[in-house]
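Just below is one structure, and these are the notes that go with it.
The values are calculated or read from the model by the stated rules, or taken from the named source; none is laboratory data. What you are looking at is a predicted structure, and each value in this text was computed from that prediction instead of being measured. Counting neighbours? That spans all protein chains shown, and the Cβs are built from the backbone with ideal geometry, glycine included. Side chains are part of the model used for accessible areas, which takes the heavy atoms of the whole protein and leaves out ligands, DNA and RNA. Shrake-Rupley method; radii C 1.70, N 1.55, O 1.52, S 1.80 Å.
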Amino acid sequence: MLGQDVPLAIESQATNIAILGAGAVGQLICHQLSSAGLAVGLIARDSSVSNLEATDWQDLVFSPLSPSDAVTDSVSYRVPLLSADKAHLQQVQLLIVCVKAYQVIDAIGPLLNKLSPQCHILLLHNGMGPHLALAPMLNGRGLSLGTTSQGILRQSCWQVKQTGQGLTQLGHFTGPALPQTLRDNLLYAIPNSEWVEAIIPCLWQKLAVNAAINPLTALHQCPNGALAQAEFSDTIASILDELVDVAAHDGIELDRHFLEERVYRVIELTAANFSSMHQDVANYRLTEIDQINGYICDRANAHSLSAATNAKMVSAIKQLSAITLPR
Ligand code: KPL
């Protein structure tokens, strides 16, 4: 309870937080904020929802992490579905964007002129890049960035199950800072979360995990744990070597040894899980390859460096998607 007698959430009923994107991560964060008593609403990207005339309510089901799959573990709750209507969006003080990395600009773009000039934006997705495109579009609004390693599985449209605990790191990127009450409320509501002074190095570290694990598991159609086999070690090492070199040219010093340890720790801790890119390919969805290994290649190009192994991952995943994605 952050050393307070009264939960912060109860002090701040007027706080108005909207979550854009009702996928697995969006619903997880929505549950965590709502059960902390925060006034949170969902903006789904579904067109039928964004055409709503007035606020509607949605019932959601959340299954917490538990040793058993007992149905009684599940919690039902309801949250407002906010329409993209200006009157609703004007009250939003914090917009948490949980769509896939490649959807960020298209999802926020149409909302920007409806949000109040004080509305703060927090991006929470795998991969990197959208923050650079979004920053010049914000008209003086503040932008924070975050990364979460909480495991979550979407079981049906409005039902998710937590599959793993994990660290959530949030931090300031540009413009006015997130007001202290909102910041405290987020940290109070999201278990195992922290505010970091330098978020960009944290995003590079998470990028390393995703760059090493996601494309290989999608290409070899295997769970994360299979990557502990020796046959993958050279490729993983080379992906990390290139990433560390590119990050250094971007002014971010990363500890190569620590990164490799972190990647293998995630491989071990999530051994039975299928990575998000594996799931995207298996479910005929677009992948985040452009914002993961593709981001490393883009930054390498900007510094005239080679990132051959990451480039190989990008083209192999694109070839796979060309076969699997519906035309
Ligand atoms: O974040 C992940 C993902 O699948 O996108 C990892 C950490 C690799 C866990 O599967």
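Residues that are among the hydrophobic types (A, V, I, L, M, F, W, C) and within 14 Å of Cys119 (Cα to Cα) were ranked within segment 166-188; the one that is surrounded by the fewest Cβ atoms within 10 Å (Cβ to Cβ) is Ala177.
Residue-level check: of (1) surrounded by fewer than 20 Cβ atoms within 10 Å (Cβ to Cβ); (2) more than 29 Å from Leu65 (Cβ to Cβ), Asn192 misses just (2). Condition first: buried (at least 20 other Cβ atoms within 10 Å of the Cβ), touching a residue at least 24 places away in the same chain (Cβ under 8 Å) and either under 23 Å from Lys318 (Cβ atoms) or away from the ligand (no atom under 16 Å from the Cβ) (or both). Can you find one or more residues in segment 248-262 that meet it? No: zero hits. Listed residues Ser50, Ser12, Ser68; which is of a type in the set (Gly, Ala, Ser) and either touching a helix residue (DSSP H, G or I) at 6+ places or on another chain (Cβ under 7 Å) or at pLDDT 95 or above (or both)? Of the residues listed, the single one that is of a type in the set (Gly, Ala, Ser) and either touching a helix residue (DSSP H, G or I) at 6+ places or on another chain (Cβ under 7 Å) or at pLDDT 95 or above (or both) is Ser12.
What are the residues in segment 286-327 that are touching a residue at least 40 places away in the same chain (Cβ under 8 Å), open to solvent by 20 Å² or more (accessible area, probe 1.4 Å), among the charged types (D, E, K, R) and in contact with a helix residue (DSSP H, G or I) (Cβ under 8 Å, 6 or more places away or on another chain), if any? Across segment 286-327, the qualifying residues are Asp290, Arg299. Taking the criterion of being open to solvent by 20 Å² or more (accessible area, probe 1.4 Å), closer than 20 Å to Gly146 by Cβ and near the ligand (Cβ under 10 Å from one of its atoms), the only residue of segment 201-231 that qualifies is Lys206.
Remark: pairs (first residue in segment 26-42, touching a residue at least 40 places away in the same chain (Cβ under 8 Å); second residue basic (Lys, Arg) and surrounded by fewer than 23 Cβ atoms within 10 Å (Cβ to Cβ); Cβ separation under 8 Å; 6+ apart in sequence or on different chains) = Gln27/Arg154.
Note on segment 265-277: residues that are part of a helix (DSSP H, G or I), touching a residue at least 12 places away in the same chain (Cβ under 8 Å) and open to solvent by 60 Å² or more (accessible area, probe 1.4 Å) amount to 2. Of the residues making up segment 244-260, those that are closer than 23 Å to Glu197 by Cα, within 23 Å of the chain's Cα centre (by Cα) and in a helix (DSSP H, G or I) number 5.
Which of the residues belonging to segment 80-126 are in a loop (DSSP other than H, G, I, E, B), over 11 Å from Gly21 (Cα atoms) and within 14 Å of the chain's Cα centre (by Cα)? If the condition is that a residue be in a loop (DSSP other than H, G, I, E, B), over 11 Å from Gly21 (Cα atoms) and within 14 Å of the chain's Cα centre (by Cα), then Asn126 is the only one that fits.
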